[in-house]
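Right, one structure below, let's go through it.
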Amino acid sequence: MERTTVLITGCSSGIGLGLAARLAADAARRFKGNGATRRWGGAAPPGVSPGQAGAGGRAGAGSAARAVLSPAVFATMRDLAKGERLLERLGGHCPDTLEVLQLDVTDPRSLAAAAQRVQGQRLDVLVCNAGVGLMGPLETCSDQAMKSLFDVNLFGAVRTIQAFLPAMKRRRAGRIIVSSSIGGLQGLPFNSVYCASKFAVEGLCESLAIVLRPFNIHLTLVECGPVNTSFLANLQHPDPEGSELQGLDAETRGLYRRYLRHCQSLFCDAAQEVDEVLQVFLEAIGTPCPPLRCVTTQRFAPLWRLRLASPDGSAYVGAMHDFVFGRGEAGGDQP
């Protein structure tokens with residue numbers, strides 16, 4: 001079976017980490033390296049010996065080059081120190097199918113270095129998974145926070161695709177998979193800037209997919225709902241009792257508190273495990289002609305359909321308000 005070469009961004013945790021580990025450990029060996037000889041690349045993560053780091057480590061003292069299998073899964077992350085988590089998932093050592101690369105999607109030089117490392121190999125699948133969140137009343141979102149979010153979620157995806165698309169076009173083959181969100185399909189309360197970035201990604205990918213069709217390059221958006229990862233814990237959001245909200249009106253503060261309780265309840269009741277979501281990514285990688293959009297859960301399908309069925313948006317706005325805050329209830333500064 002011919003191998004498939006994949007590069008994934010955002011592999012330090014969550015979906016990216018899980019996908020890299022799953023592909024590198026693929027029992028069918030569809031991602032087996034091709035036996036090329038190369039010099040060792042970046043250093044091993046802290047606390048991991050060069051021998052454990054495998055394809056991602058350095059050769060021992062006095063060794064200038066070594067014959068190894070060229071990796072078929074490139075797992076990239078901004079901070080290589082976080083690569084320990086991936087190695088732990090793989091039993092403490094890096095298989096010959098995997099190489100961990102430093103890649104910061106906000107840094108053109110970092111992207112250029114990663115593209116140079118992959119140059120000469122046939123990259124079959126590019127997975128744009130790097131992303132960040134931003135939650136809270138719009139009045140509390142600073143210019144810097146909003147710019148940083150767009151720099152990762154939108155412009156990071158643009159830069160990554162720009163770096164690897166020309167080679168796919170020359171080969172007239174490949175696929176690009178982009179981690180998106182239900183927040184790219186519908187507006188979510190107190191996620192206005194995050195949703196704006198994901199709406200932009202949806203427009204980017206839908207427009208690009210049309211142009212890529214003659215090149216036999218498939219572009220797929222994976223629309224994720226709540227997933228049990230560190231994303232919610234790591235996203236930027238103001239403390240409802242903190243100083244950031246002191247100048248905010250009482251009704252909006254009350255709505256925000258209620259939204260946070262809604263999120264906690266929703267994640268307890270409806271959040272998917274990473275392994276369940278990975279199946280959607282694997283289908284997008286393996287399906288001969290994947291669709292433009294794949295959803296990971298049908299939990300929010302009624303709201304998606306309502307948004308499409310009511311072009312003026314009023315029905316969706318009312319339904320989402322009732323879903324989050326309760327039917328016909330006002331906000332108020334409730335405890």
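The values are calculated or read from the model by the stated rules, or taken from the named source; none is laboratory data. A quick note: this is a predicted structure, and the numbers were derived from the prediction, not measured. Positions of Cβ are generated from backbone atoms using ideal geometry, with glycine treated the same way; all protein chains shown enter the neighbour counts. Keep in mind that these areas ignore ligands, DNA and RNA; they rest on the heavy atoms of the full protein, side chains included. Shrake-Rupley method; radii C 1.70, N 1.55, O 1.52, S 1.80 Å.
For ASP269, state whether it is more than 25 Å from the chain's Cα centre (by Cα) and of a type in the set (Asp, Glu). First the steps, then the outcome.
Working: more than 25 Å from the chain's Cα centre (by Cα): no; of a type in the set (Asp, Glu): yes.
Spelling it out, it is not the case that ASP269 is more than 25 Å from the chain's Cα centre (by Cα) and of a type in the set (Asp, Glu).
For the subset of segment 238-251 comprising residues that are open to solvent by less than 80 Å² (accessible area, probe 1.4 Å) and free of Cβ contacts under 8 Å to residues at least 60 places away in the same chain, which member is nearest to LEU154 (Cα to Cα)? So the residue we want is PRO240.
Here are ARG175, ARG170: which of them is charged (D, E, K, R) and under 18 Å from GLY16 (Cβ atoms)? Explain how you work it out, then say what you get.
On the way: ARG170 fails: under 18 Å from GLY16 (Cβ atoms).
Matching residue, one of ARG175, ARG170: ARG175.
Each residue in segment 176-194 was checked for being touching a Pro at 6+ places or on another chain (Cβ under 9 Å) and open to solvent by less than 30 Å² (accessible area, probe 1.4 Å), and 2 pass.
Listed here are the residues, each with its yes/no results for (1) open to solvent by 20 Å² or more (accessible area, probe 1.4 Å); (2) within 30 Å of LEU282 (Cα to Cα); (3) at pLDDT 90 or above; (4) of a type in the set (Asp, Glu).
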site	(1), (2), (3), (4)
ALA200	yes, yes, yes, no
LEU212	no, yes, yes, no
PHE215	yes, yes, yes, no
LEU221	no, yes, yes, no
GLN236	yes, yes, no, no
LEU255	yes, no, yes, no
PHE267	yes, yes, no, no
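Pick from segment 269-290 the residues that are closer than 15 Å to VAL125 by Cα and of a type outside the set (A, V, I, L, M): which of them is least open to solvent (accessible area, probe 1.4 Å)? So, considering only residues that are closer than 15 Å to VAL125 by Cα and of a type outside the set (A, V, I, L, M), the one least open to solvent (accessible area, probe 1.4 Å) is PHE281.
Which residues, taken from segment 227-258, are in a loop (DSSP other than H, G, I, E, B) and either under 13 Å from the mean Cα position of the chain (by Cα) or among the hydroxyl-bearing types (Ser, Thr, Tyr) (or both)? Can you show your working first?
At the first step, the residues of segment 227-258 found to be in a loop (DSSP other than H, G, I, E, B) are 228-230, 235, 237-242, 246-249.
Result: THR229, SER230.
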